[in-house]
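Worksheet: one structure, shown below.
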Amino acid sequence: MKKKMIAGNWKMNGDVATALDIIAGITDAANQSQHDVVIAPPFVYLSLAAEKILSSKIQLGAQNLADQEVGAYTGEISAKMLADVGCQYVLVGHSERRQLYGETDLLVAQKTILALENGLVPILCVGETLEERESNQWKDVITTQLLSVVDHCGIDAFKNIIVAYEPVWAIGTGKSASADIANEVHEFIYYTLSCKSDNIRPSLKVLYGGSVTAENSAQYMSQEYIDGVLVGGASLKPSVFSEIIRSVE
Ligand code: PEP
């Protein structure tokens, strides 16, 4: 059976005390899970988190990385640095990065390459806006976002890339996509990547993200094409995130 993934994106929230509290509060659930449990704290708490999760099954991810390898890029954090402090994963192309910081498909592909070259597993976020969904353009949007990475990294790179479908209209809005809608899009993502290579399917993981809660997580997890969840707001509440972890069979 393919392992599922429950990943928590803390975004720009919390402080040292919160970080310690979340880690302590989810450790039991993570240790009892058969699946992969990942947290993505802000950069400045990564080293602390790495130390605190050492004796647990929790894994570490970052929320972003630089599009350059090394050098005079004030304020940036490289893929190598993330690997150095113990990250195994990194979010790439989160819709907040695309929308608020102007990250293009090309930039996202460049970051994906750097993550892979440094041994990190990119969690590549794709998803349509409300307007794009309402005008039935979601397939085109997601195809463009995926194929940009395929073109720059090659389809085989998807053996080491996790895809996260995060409809922009469902992120932080409390308006989650129905399990049926999410499953339909996930099936489309599987189809799009499988058209490029039949080897991809067995190792591919596609997570759903967008207002996941302890109440709706089990519905997503039971869908054929949903291999896990990427959780924002609810990952800041240790008891709720633990329930989400436990909702995966
Ligand atoms: C996210 O930011 O990746 C996310 C899914 O946020 P939320 O769960 O708060 O909608």
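The values are calculated or read from the model by the stated rules, or taken from the named source; none is laboratory data. Predicted model only: the values in this text are computed from it and were never measured. As a convention, Cβ positions derive from the backbone with ideal geometry for all residues, glycine included, and neighbour counts pool all protein chains shown.
Residue count for region 92-110, restricted to those that are away from the ligand (no atom under 16 Å from the Cβ) and closer than 13 Å to Ile161 by Cβ: 1. Looking only at residues in region 121-162 that are among the acidic types (Asp, Glu) and assigned to a helix (DSSP H, G or I), the one that is surrounded by the most Cβ atoms within 10 Å (Cβ to Cβ) is Glu132. Comparison of Ser203, Ser194 shows that the only residue that is free of Cβ contacts under 8 Å to residues at least 24 places away in the same chain, more than 17 Å from Val240 (Cα to Cα) and away from the ligand (no atom under 12 Å from the Cβ) is Ser194. Here is the figure for region 10-41: residues that are exposed (fewer than 15 other Cβ atoms within 10 Å of the Cβ) and of a type in the set (Val, Ile, Thr) total 1. Residues in region 81-91 include none that are more than 16 Å from the ligand (Cβ to nearest atom), polar (S, T, N, Q) and over 16 Å from the mean Cα position of the chain (by Cα). Thr18 satisfies every condition listed in (1) over 17 Å from the mean Cα position of the chain (by Cα); (2) under 23 Å from Gly172 (Cα atoms); (3) not in a helix (DSSP H, G or I) except (3).
Annotation note: Cβ proximity below 6 Å between a residue of region 164-178 that is closer than 23 Å to Tyr89 by Cβ and without any contact (Cβ under 8 Å) to a residue 60 or more places away in the chain and a residue that is assigned to a loop (DSSP other than H, G, I, E, B) and hydrophobic (A, V, I, L, M, F, W, C) (sequence gap 6+ or interchain) occurs for Pro167/Ala177; Ala170/Ala177.
Which fully enclosed helices (runs of 4 or more DSSP H) of region 177-249 have 3 or more residues being out of contact with any strand residue (DSSP E or B) (no Cβ under 9 Å at 6 or more places or on another chain) and surrounded by fewer than 19 Cβ atoms within 10 Å (Cβ to Cβ)? Reasoning before the result, please.
Numbers: elements: 179-194, 217-221, 238-246.
It comes to 179-194, 238-246.
Pairing residues of region 93-118 that are in contact (Cβ under 8 Å) with a residue 60 or more places away in the chain with residues that are in a helix (DSSP H, G or I) and among the β-branched types (Val, Ile, Thr), at Cβ distances under 7 Å and at least 6 apart in sequence or on separate chains, gives Ser95/Val168. Every residue in region 211-236 that is at pLDDT 95 or above and within 11 Å of the ligand (Cβ to nearest atom), please. Within region 211-236, Val212, Thr213, Asn216, Ser217, Val229, Leu230, Val231, Gly232, Gly233, Ala234, Ser235, Leu236 qualify.
Looking at Val44, is it exposed (fewer than 15 other Cβ atoms within 10 Å of the Cβ) and not acidic (Asp, Glu)? Even if it seems obvious, please write down each step before you answer.
Values: exposed (fewer than 15 other Cβ atoms within 10 Å of the Cβ): yes; not acidic (Asp, Glu): yes.
So Val44 fits the description; yes.
Against the numbered list (1) under 18 Å from Ser242 (Cα atoms); (2) crowded, with 17+ Cβ neighbours inside 10 Å, Leu65 comes up short only at (1). Of everything in region 27-44, what is more than 18 Å from the chain's Cα centre (by Cα) and touching a residue at least 12 places away in the same chain (Cβ under 8 Å)? Give them in sequence order. Thr27, Asp28, Ala29, Asn31, Gln32, Ser33, Gln34 - these are the residues of region 27-44 that are more than 18 Å from the chain's Cα centre (by Cα) and touching a residue at least 12 places away in the same chain (Cβ under 8 Å).
Only one entry in Ser176, Ser203, Ser222 is under 24 Å from Val38 (Cβ atoms) and touching a Gly at 6+ places or on another chain (Cβ under 7 Å), namely Ser176.
Once region 150-189 is narrowed to residues that are of a type in the set (S, T, N, Q) and out of contact with any Ser or Thr (no Cβ under 8 Å at 6 or more places or on another chain), the residue that is nearest to the ligand (Cβ to nearest atom) is Ser178.
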